[in-house]
Amino acid sequence: MNDDIKKYVERVKRATEYLKNKIKEIPEICIVLGSGLQVIADSAENVQKISYKDIPEFPISTAPGHKGELIFGKLNGKNVALMNGRFHYYEGYHMRDVTFGIRVMQELGVKYIFLTNAAGGLNPDYEVGRPMIIKDHINMMGDNPLIGPNIDEWGPRFPDMSNAYDKDLRELAKNVAAELGIPVYEGVYIAVAGPNFETPSELRMLRWMGADAVGMSTVPEVIAAAHRGTKVLAISAITDRAVPDDLQPLTGEEVLEVANRTGQLISKILSEIVKRL
Ligand code: HPA
């Protein structure tokens, strides 16, 4: 291992030790709250909030709609850690810092990682304001958190991705959504670096590649989760139509507004899943 990687592992362990000494109970599930998806935090009880800036070695998030704190507490009787604010590649972080929080959660011992995000609907049949359960991804970010010497202690050099979005968790999510009467899609998420929204020609290409939704996050975290064998469930809020022949000008504020609305539905689905795990 080179020095960079050794230092990275030490940083993750330092942050983890700090948290282990602070929190009352080790979480079983980590939920990453995407842009505008903070409402999930409202249903947590007995919460203990720890600001990223107080955790040694933890990066600080700068994206709009992202807070920068870990919330430990109970959700439907289960110990959870909510990551309120994630690290995006477009903010200028190294991929290893984008996935720093995931590495800390794995080191803490979480069994499941749930990820949420806001995404543009490439599939012309998709309606804005609906959740999409991610069944698979395409990494078009042009980078990968596992580049560099492999951390053998965490996982293999060439991780398997055949079930990165755990099939059983997806089935459970679909069943729960149906029971709650919430219409959901199940589709392929394609990740781009951003930060600009896509041109019509780029959207045409992304759709042609086989994706149903496009966004600027989640994929690095899922790769890090798969590396260490952590089970993943990921749900996108479809916040806008990313359909080239029907494209309206789009702002980050509009995305946040729809994400807030869709977040209520995603929050209901995730709380019910947590209960049944
Ligand atoms: N493109 C990329 N990222 C996004 C979009 C989009 O249309 N909507 C929300 N995040």
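Can you pull out the residues in region 242-257 that are modelled with pLDDT of 90 or more and more than 8 Å from the ligand (Cβ to nearest atom)?
Let us first name the residues in region 242-257 that are modelled with pLDDT of 90 or more, namely 242-244.
Passing the criteria: VAL243, PRO244.
Being hydrophobic (A, V, I, L, M, F, W, C) and within 12 Å of the ligand (Cβ to nearest atom) is the filter here; which residues of region 195-207 pass it?
Initially, region 195-207 is screened for residues hydrophobic (A, V, I, L, M, F, W, C), giving 197, 203, 205-206.
Within region 195-207, PHE197, LEU203, LEU206 meet the criteria.
Hey, among the residues in region 208-241 that are among the charged types (D, E, K, R) and near the ligand (Cβ under 10 Å from one of its atoms), which one's surrounded by the fewest Cβ atoms within 10 Å (Cβ to Cβ)?
Within region 208-241, the subset among the charged types (D, E, K, R) is 212, 221, 228, 231, 240-241.
If we keep only those that are near the ligand (Cβ under 10 Å from one of its atoms) as well, we get 240-241.
Values: ASP240: 22, ARG241: 19.
Result: ARG241.
Identify all residues within region 189-207 that are surrounded by fewer than 20 Cβ atoms within 10 Å (Cβ to Cβ) and aliphatic (A, V, I, L, M); write none if there are none.
Within region 189-207, ALA193, MET205 qualify.
Filter region 13-63 for residues that are in contact (Cβ under 8 Å) with a residue 60 or more places away in the chain and among the hydroxyl-bearing types (Ser, Thr, Tyr); which is surrounded by the fewest Cβ atoms within 10 Å (Cβ to Cβ)? Steps first, answer last, please.
Taking region 13-63 as the starting set, the residues that turn out to be in contact (Cβ under 8 Å) with a residue 60 or more places away in the chain are 13, 15-16, 19-20, 26-40, 42-43.
Pick out the ones that are also among the hydroxyl-bearing types (Ser, Thr, Tyr) and you get 16, 35, 43.
Values: THR16: 20, SER35: 27, SER43: 16.
Checking each candidate, the answer is SER43.
Taking into account only those residues within region 66-77 that are farther than 16 Å from SER43 by Cβ and touching a strand residue (DSSP E or B) at 6+ places or on another chain (Cβ under 6 Å), which is modelled with the lowest pLDDT? Reasoning before the result, please.
Here is the first cut: in region 66-77, the residues farther than 16 Å from SER43 by Cβ are 66-70.
Subset that is touching a strand residue (DSSP E or B) at 6+ places or on another chain (Cβ under 6 Å): 67, 69-70.
Numbers: LYS67: 77, GLU69: 92, LEU70: 95.
Of everything passing the filter in region 66-77, LYS67 is modelled with the lowest pLDDT.
Tally up the residues in region 187-218 that are touching a helix residue (DSSP H, G or I) at 6+ places or on another chain (Cβ under 9 Å) and within 25 Å of LYS174 (Cβ to Cβ), please.
Of the residues in region 187-218, 6 are touching a helix residue (DSSP H, G or I) at 6+ places or on another chain (Cβ under 9 Å) and within 25 Å of LYS174 (Cβ to Cβ).
Suppose we filter VAL176, VAL188, VAL192 for residues that are away from the ligand (no atom under 16 Å from the Cβ) and aliphatic (A, V, I, L, M); which single one remains? Before the answer, list the steps.
On the way: VAL188 fails: away from the ligand (no atom under 16 Å from the Cβ); VAL192 fails: away from the ligand (no atom under 16 Å from the Cβ).
After ruling out the rest, the residue left standing is VAL176.
Give region 163-187 a look and list any residue that's buried (at least 19 other Cβ atoms within 10 Å of the Cβ) and under 22 Å from MET216 (Cβ atoms), or say none.
ALA164, TYR165, VAL184, TYR185, GLY187
Anything in region 122-165 that is touching a helix residue (DSSP H, G or I) at 6+ places or on another chain (Cβ under 9 Å), over 30 Å from LEU247 (Cα atoms) and acidic (Asp, Glu)? List them, or say none.
GLU153, ASP160
Would it be correct to say that ILE102 is touching a helix residue (DSSP H, G or I) at 6+ places or on another chain (Cβ under 8 Å) and among the hydrophobic types (A, V, I, L, M, F, W, C)?
Values: touching a helix residue (DSSP H, G or I) at 6+ places or on another chain (Cβ under 8 Å): yes; among the hydrophobic types (A, V, I, L, M, F, W, C): yes.
In short, yes.
The values are calculated or read from the model by the stated rules, or taken from the named source; none is laboratory data. The structure presented is a predicted model; accordingly, all values stated were derived computationally and were not measured. So basically every Cβ, Gly included, is an ideal-geometry build from the backbone, and we count neighbours across all protein chains shown.
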